[in-house]
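The values are calculated or read from the model by the stated rules, or taken from the named source; none is laboratory data. If you're wondering where the values come from, they're calculated on a predicted model, not measured in any experiment. Cβ: placed from backbone, ideal geometry, glycine included. Neighbour counts: every protein chain shown. Areas reflect the complete protein model, heavy atoms only, side chains present, ligands, DNA and RNA absent. Shrake-Rupley method; radii C 1.70, N 1.55, O 1.52, S 1.80 Å.
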Amino acid sequence: MLKLKIADAIQNSHLLKNVMDLEEIFWRNPEYKSFLDVKLPLSREDIDDASRRLERFAPYIVRAFPETAVDGGIIESRLVRVDSMKKELESIYGAVLPGQLLIKCDSHLKISGSIKARGGIYEVLKHAEDLAISEGLLPGEKDVNYEIFASSEFNEFYSEHEVAVGSTGNLGLSIGIMAAKLGFKASVHMSADAKQWKKDKLRSLGVNVHEYMSDYSAAVEAGRKEAENNPKCYFVDDENSTNLFLGYAVAALRLKNQLDDMGIKVSGTHPLFVYLPCGVGGAPGGIAFGLKQIYGDDVHVFFAEPTHSPCMTIGLMTGLHNQVCVQDFGIDNVTEADGLAVGRASGLVGSMLQNLISGCYTVSDGTMFKLLAKLADSENIMLEPSALAGMTGIVNIITAESGREYLLNQGITNKENIAHIAWATGGSMVPDDIMREYYNKGLKC
Ligand SMILES: *Cc1c(COP(=O)(O)O)cnc(C)c1O
């Protein structure tokens, strides 16, 4: 049955054939709907609850990670205008790009240096809080100073518990660092894509790192199995976790404040376009969900994937979501963009957001490396390859035929008024020698 559906989808879509040929494509979602017409299982209140939890934990975060003291224990990244990079893009693509281009620097989030510092850290904190409450360690929890989570009593309590996760690298880094800091036993199941330095870093913190020759889905399965056999082991399920999702969604509340502070107003006539690199879909999905709660139809969200790992693009395009993986379409899921090397998308995200995502596009490894070097030269911002996927969103919207169609369809006529945000998702923890290799490779692309 599934085989037939796959064959049928390929037969009926020229664009899907281009995806299978590993071409860079831009897909406009025909199922895109107005925000008010979409029913969602989660609400703004859920995001606010997550945000308040992070505020409760702020004093603990300051204690545990003193480098966060300057921000009062709130882990947040800068939003910066990148006019020089916009000029670079104009020259590379030979097109004038109206509107303003900004970068959201999650690459430089404290503690774990990637977008995973949002969802991953949030979920571990939530789990720690849940355990503490059920153990009776937090009487009258709302009034307790959460610095207590740094106490030896809490540390000992958590040492009897374990946290496990499957990852291509960055989620493992974020979960492992946070879990180990609280005192948990931590177990990270790494796919073949995971970079050696990420494994080394985790091992140096006492995290149990398991390595697999296979891809992300297999690493997740292994983590899930481990947790099933141990009642004291909590599995962070990147494919299905609501907590991760909500941790990411909090980014939207923070972004709104930053846009307000920068005097960038978002409205029907001044729309916001956001381009999010996508792996399994949890991080971009959570952020998209949060942004829709705040800005509704005035925000337009696009997911960006490697040409070799377009799992969300294919899942949405075919409507087959997590029933299919890229290998079903003859695509190998091999990319240097390790943060995005996922062959099967999250079912939770695909089905929840199928009407709210404006579109998807793909980017080759060569493009990501080239833009990595250009961004370093023009703005002195160093990112890992995955994080560059968002950068071509503005180019697609302005120059691709379906991008222009999208604008027309949405009644957006004044392109000067658009604020484009490329979400930069990782990079600050990459060791210098490896970053130099990336940069040098990018100069040749
Ligand atoms: C994980 C990751 C993403 C995408 O997040 P998903 O939840 O897997 O979709 C993007 N960029 C980087 C650098 C990442 O590590």
Filtering region 14-46 for residues that are open to solvent by 40 Å² or more (accessible area, probe 1.4 Å), without any contact (Cβ under 8 Å) to a residue 12 or more places away in the chain and more than 21 Å from Val349 (Cα to Cα) leaves a count of 3
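Restricting attention to region 228-242, report how many residues are over 21 Å from Gly343 (Cβ atoms) and surrounded by fewer than 20 Cβ atoms within 10 Å (Cβ to Cβ). Give the derivation first.
Applying the first criterion (over 21 Å from Gly343 (Cβ atoms)) to region 228-242 yields 228-234, 242.
Checking the rest, the ones that are also surrounded by fewer than 20 Cβ atoms within 10 Å (Cβ to Cβ) come to 228-233, 242.
Adding up the residues that qualify gives 7.
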Within region 322-336, residues being open to solvent by less than 30 Å² (accessible area, probe 1.4 Å), more than 12 Å from the ligand (Cβ to nearest atom) and of a type in the set (Val, Ile, Thr) number 3
In region 192-233, residues that are farther than 26 Å from Ala128 by Cβ and of a type outside the set (Lys, Arg) total 11
Here the residues within region 113-146 that are over 21 Å from Ile47 (Cβ atoms), surrounded by 17 or more Cβ atoms within 10 Å (Cβ to Cβ) and under 31 Å from the mean Cα position of the chain (by Cα) are Gly113, Leu131, Ala132
The one condition Gly172 fails out of (1) part of a helix (DSSP H, G or I); (2) touching a residue at least 40 places away in the same chain (Cβ under 8 Å); (3) closer than 23 Å to Phe65 by Cβ is (2)
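Within region 99-120, is even one residue of a type outside the set (Asp, Glu), more than 16 Å from the ligand (Cβ to nearest atom), within 18 Å of Ala424 (Cα to Cα) and in a loop (DSSP other than H, G, I, E, B)? Break it down into steps so the answer makes sense when it comes.
In the first step, residues of region 99-120 are kept if they are of a type outside the set (Asp, Glu); the result is 99-105, 107-120.
When the remaining residues are screened for being more than 16 Å from the ligand (Cβ to nearest atom), the result is 99-102.
So of that shortlist, the ones also within 18 Å of Ala424 (Cα to Cα) come out as 100-102.
Next cut, in a loop (DSSP other than H, G, I, E, B) only: none.
Checked region 99-120: no residue is of a type outside the set (Asp, Glu), more than 16 Å from the ligand (Cβ to nearest atom), within 18 Å of Ala424 (Cα to Cα) and in a loop (DSSP other than H, G, I, E, B).
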Taking region 337-359 and keeping residues within 12 Å of the ligand (Cβ to nearest atom) and either open to solvent by 30 Å² or more (accessible area, probe 1.4 Å) or assigned to a strand (DSSP E or B) (or both) leaves Arg344, Leu348
Over region 269-300, the set of residues open to solvent by less than 10 Å² (accessible area, probe 1.4 Å), more than 13 Å from the ligand (Cβ to nearest atom) and either in a strand (DSSP E or B) or in contact with a strand residue (DSSP E or B) (Cβ under 9 Å, 6 or more places away or on another chain) (or both) is Pro271, Leu272, Phe273, Val274, Leu291, Lys292, Val299, His300
Within region 378-413, of all residues that are acidic (Asp, Glu) and in a helix (DSSP H, G or I), the one nearest to the ligand (Cβ to nearest atom) is Glu379
Filtering region 371-391 down to residues that are open to solvent by 10 Å² or more (accessible area, probe 1.4 Å) and over 23 Å from Trp197 (Cβ atoms) yields Lys374, Asp377, Ser378, Glu379
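Of everything in region 159-186, what is of a type in the set (S, T, N, Q) and closer than 22 Å to Phe245 by Cβ? Give them in sequence order.
From region 159-186, those of a type in the set (S, T, N, Q) are 159, 167-168, 170, 174; that's our starting set.
Listed by number, the residues that qualify are Ser167, Thr168, Asn170, Ser174.
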Would you say Arg224 is surrounded by fewer than 20 Cβ atoms within 10 Å (Cβ to Cβ), touching a Gly at 6+ places or on another chain (Cβ under 8 Å) and at pLDDT 90 or above? yes
In region 408-431, anything over 23 Å from the mean Cα position of the chain (by Cα) and open to solvent by 40 Å² or more (accessible area, probe 1.4 Å) is listed as Leu408, Asn409, Gln410, Gly411, Thr413, Asn414, Lys415, Glu416, Asn417
Picked from region 175-213 (must be assigned to a loop (DSSP other than H, G, I, E, B) and of a type in the set (D, E, K, R)), the residue surrounded by the fewest Cβ atoms within 10 Å (Cβ to Cβ) is Lys195
Within region 1-59, residues touching a Ser or Thr at 6+ places or on another chain (Cβ under 6 Å) and of a type in the set (Ser, Thr, Tyr) come out as Tyr32
Taking region 214-268 and keeping residues among the charged types (D, E, K, R), within 16 Å of Gly166 (Cα to Cα) and in a helix (DSSP H, G or I) leaves Glu221, Arg224, Lys225, Glu226, Glu228
